[in-house]
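What follows is one structure encoded as structure tokens, with my remarks underneath.
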Amino acid sequence: MIEICAKLLRDQSAVFMCGEVVECLIDFIHPSLPEHKISQSNSDILENLAWATVQLHCYCNASFNEKSSHEAAANRNVGGSTSLNASNQLKGEVLHSTEPKILFCDLRLSPGEAKQFLYREFVPLNTPPTYRGIRVKYYYKITVATQRLGSNVQALNIPIRVLPLPLPQSDLDEAITLNDESNEDLAPNNPFLEKKRPPSRIEYALHYLRGVTARRRPNFFMINNKWGKVGRFCLFKSAYKLGEDIVATIDFSCGTIKCVQLSVTLQCEETELVRGASATPLSAGTPGTKEESFGVTDNADAPSNSSETTNEPERQKNISRVTNYSKHHEVCLGMLQTQVILPIPLHVTPTFRTDLIEVSWRLHFQFVTSTNAELSSEMLLDRTAENEEELEWVAPTDIAIETMIWSLPITIYPTAPLQIPQPCGEYKLNIK
């Protein structure tokens, strides 16, 4: 029997960015024979493996695309496939695979002997991040495959999580990133100092990530309905990274109608893209002061990401599914101001888009308003010094309410992989 043990060198976090190097230690161990067992021949002592290879696979498991994936798999089998593909019975279609690296050929191990190999590979840049959605799933596996003479191919899979590489989307973002750098290049050259090496792609991406998520530019939104003003919502920035808190304030002092209760939910929207539909860029909250009208009857004016309210004809057939995460609920009757804090979980997937789906994030609001006269400020403040102790306000048993909904798009970026605690254990496979 030969035991295969695989473990990532970065054991405290099995999270990597696209373009980053993955390092994995692979041990082939022949356990020692028990003391009571006596070997009868040389064949009982040596264990032989014909070959072993390692490569990184990216899988796509789409429930609405099962037929096409089965046809693609059939075409690959007709065109010819290797024994490694036959041994991998994981769900989904192989979206991308790196070149296989051969560890050895004809390896012989005596009892108690072990061989260790180091596997290094770059995560591909043009592949989607790890995502476990409702209808579409993307996941990565490091596959260690080996075969004994006269036996089937056996594979050991080591899962890793991949985050998208944040890069500037426009010339303005790139200029801001370059301006954030220090002015060391403007200083006089010192011939006795070593030249500073240019930053790598990962360092440049992390530098851009810090700059784009640290930029604070308050965005103000005036919340109205057909009865008047509800309040003013302030969002300090529209770009966040995993693990951050979304902090916002709502000012009801400028409102003309009462807001009884408030609910804000962080939602992830998964949209299935119809083939042939024109590609639209990801939207985010536009900086500046906005004034919108929201309500049960005026909902068409509300800026929403849901597929039910879209007016674009090429996107009408797209199906959207929403998943709720953090939620803030508060009874705000009588409040002049309130604060909203929504944490972004570390295990979710940032904003991205592929040929199959588009994953976007938004803040979904629900305002419960009322125009009941018994809730007006005049009735609460109409008291004199003589009868102030005698008056007591009693809340009405029934009030007429209206519920308004509003969705505000935001952009969520990845964070540094080492800031996500996701330990990677040791994976083993016994070949008998």
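The values are calculated or read from the model by the stated rules, or taken from the named source; none is laboratory data. On a predicted model such as this, the values are computed, not experimentally measured, just so you know. Every residue, glycine as well, gets a Cβ built from its backbone with ideal geometry; the counts of neighbours run over all protein chains shown.
Counting the residues of the range 351-361 that are under 18 Å from C60 (Cβ atoms) and part of a loop (DSSP other than H, G, I, E, B) gives 3. For the range 135-153, a residue qualifies if it is at pLDDT 90 or above and aliphatic (A, V, I, L, M), and the qualifying residues are V136, I142, V144, A145, V153. Could you please let me know if L49 is modelled with pLDDT of 90 or more, aliphatic (A, V, I, L, M), surrounded by 15 or more Cβ atoms within 10 Å (Cβ to Cβ) and within 20 Å of K141 (Cβ to Cβ)? The answer is no for L49. The single residue among E308, E330, E312 that is at pLDDT 50 or above and outside the structural domain of I134 (by the TED database) turns out to be E330.
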